[in-house]
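Reading through the structure tokens given below for one structure.
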Amino acid sequence: MKKIRTAVIGCGNISVMHSVSILKQSNVELVSVCDIKQDRAQIAAKKYGCKFYLDYKEMIDKEALDAIHICTPHYLHPVMAEYALTHDLDVLCEKPLAIQLEDALRLETLAKTVNHHLMVSFQSRFNPGSLLIKEAIASNSLGAIISGRVMVTWKRDDEYYSKSDWKGTWDKEGGGVVIAQAIHSLDLLNWFVDSPLKKVEASLHNRCHNIIQVDDSAEGLIQYQNGVNACFFAINYYGYDAPIEIEILCEKGIAKIVGEKATIKYNDGRVCIADRNPNELFEFGNVKQYWGVGHMKEITHFYEAISNKEEIKNSCSEVMITQKLVCAIYESGKTNKPIYF
């Protein structure tokens with residue numbers, strides 16, 4: 001069987017999760033990597049045994065690729081995704097798909113027009129704990145959802161931002177703690193509630209950083225059309241990356257995630273628990289441990305869907321609600337007004 005030819009654009013920290021995961025796929029060949037910084041591109045190419053490029057368009061034009069992974073700064077995602085889709089490639093893009101909602105919606109339309117996959121990396125949906133709660137809600141064993149809450153308290157100090165030429169900026173990252181750190185937890189909340197948005201009202205602040213202008217704290221209300229009210233609180237000036245917390249209050253019990261571990265406590269006394277499988281270990285190198293093995297499962301699914309010509313999970317259409325939510329949080333926070341849908 002002919003292998004799927006793929007490449008990775010961007011050789012920063014998150015690209016490791018993609019490149020290592022690609023090498024584990026028996027039906028996929030990592031043809032090349034690309035980065036505008038030559039030293040990073042060369043190191044990655046040597047590490048993974050592939051070619052390197054400094055220009056992603058040149059790479060796409062020359063290498064007869066079937067798919068592409070986009071692991072670049074946020075503001076480049078829409079431009080690169082559009083080029084790839086119009087050159088007959090399936091795309092797996094790191095979150096967020098875009099900074100501006102109109103760009104994400106345009107890409108959604110384009111992906112449908114060219115009939116190619118456009119998957120957004122929300123790998124936490126593949127974690128055992130997330131799947132346990134999703135299945136319990138979908139099966140109605142928890143009854144209707146009443147409300148939910150999300151809490152993210154991580155650490156991204158000025159030293160962290162000083163090492164980047166794009167993080168902590170409105171034009172290149174699109175924001176701070178909401179779009180960069182809390183987005184995965186907000187996405188899980190959306191996935192669990194599974195209802196269109198009705199109203200978002202949020203406040204944003206930069207309370208603890210001197211070299212950035214974007215949000216380092218955010219809190220607010222999320223109302224869904226099915227009647228669920230949810231709240232969120234996110235900061236990135238805590239002393240360490242504390243485990244995220246997501247709680248879903250339902251008619252028949254409470255479902256809670258702390259880190260990756262999910263616990264469902266039913267009103268009748270039953271308890272169900274799911275956590276990371278200790279036997280699922282992959283050597284990704286010196287990367288953040290909370291990234292877990294979700295990327296491996298997500299990327300395996302991506303290529304299985306391509307090979308089998310199946311519908312893909314985490315398509316841009318499926319996760320568009322999270323794009324809408326993040327954009328609404330920023331609009332509400334900047335204007336001090338609620339956003340209605």
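The values are calculated or read from the model by the stated rules, or taken from the named source; none is laboratory data. What you see is a predicted model, and the numbers here were worked out from it, not measured in a lab. Glycine gets a Cβ as well: all are built from the backbone with ideal geometry, and neighbour counts include every protein chain shown.
Take region 125-165 and flag every residue that is part of a helix (DSSP H, G or I) and in contact with a Ser or Thr (Cβ under 8 Å, 6 or more places away or on another chain).
Ser130
Could you list, in sequence order, all residues of region 59-89 that are part of a loop (DSSP other than H, G, I, E, B) and of a type in the set (Val, Ile, Thr)?
Within region 59-89, Thr72, Thr86 qualify.
Take the conditions closer than 26 Å to Lys324 by Cα, modelled with pLDDT of 95 or more and not assigned by TED's automatic domain parsing to the domain that holds Leu325 and apply them to Ser15. Does it pass?
When the stated conditions are applied, Ser15 passes them.
Residue-wise test of (1) more than 22 Å from Pro243 (Cβ to Cβ); (2) modelled with pLDDT of 95 or more; (3) outside the structural domain of Ala255 (by TED's automatic domain parsing); (4) surrounded by fewer than 19 Cβ atoms within 10 Å (Cβ to Cβ).
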position: Tyr75; (1), (2), (3), (4): yes, yes, yes, yes
position: Pro78; (1), (2), (3), (4): yes, yes, yes, no
position: Leu85; (1), (2), (3), (4): yes, yes, yes, no
position: Arg149; (1), (2), (3), (4): no, yes, no, yes
position: Lys155; (1), (2), (3), (4): no, yes, no, yes
position: Asp158; (1), (2), (3), (4): yes, yes, no, yes
position: Thr169; (1), (2), (3), (4): yes, yes, no, no
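Being touching a residue at least 60 places away in the same chain (Cβ under 8 Å), out of contact with any Lys or Arg (no Cβ under 6 Å at 6 or more places or on another chain) and within 22 Å of His87 (Cα to Cα) is the filter here; which residues of region 3-26 pass it?
Ile4, Arg5, Thr6, Ala7, Val8, Ile9, Gly10, His18, Ile22 - these are the residues of region 3-26 that are touching a residue at least 60 places away in the same chain (Cβ under 8 Å), out of contact with any Lys or Arg (no Cβ under 6 Å at 6 or more places or on another chain) and within 22 Å of His87 (Cα to Cα).
Return the residues of region 195-208 that are of a type outside the set (A, V, I, L, M) and either in contact with a strand residue (DSSP E or B) (Cβ under 7 Å, 6 or more places away or on another chain) or farther than 18 Å from Val152 by Cβ (or both); say none if nothing qualifies. So that I can check it myself, show each step before the final result.
Quick first cut of region 195-208, residues of a type outside the set (A, V, I, L, M) only: 195-196, 198-199, 201, 203, 205-208.
Answer for region 195-208, where residues must be of a type outside the set (A, V, I, L, M) and either in contact with a strand residue (DSSP E or B) (Cβ under 7 Å, 6 or more places away or on another chain) or farther than 18 Å from Val152 by Cβ (or both): Ser195, Pro196, Lys198, Lys199, Glu201, Ser203, His205, Arg207, Cys208.
Restricting region 90-124 to residues that are of a type in the set (Gly, Ala, Ser) and outside any helix (DSSP H, G or I), which is nearest to Val178 (Cα to Cα)?
Out of the qualifying residues, it is Ala98.
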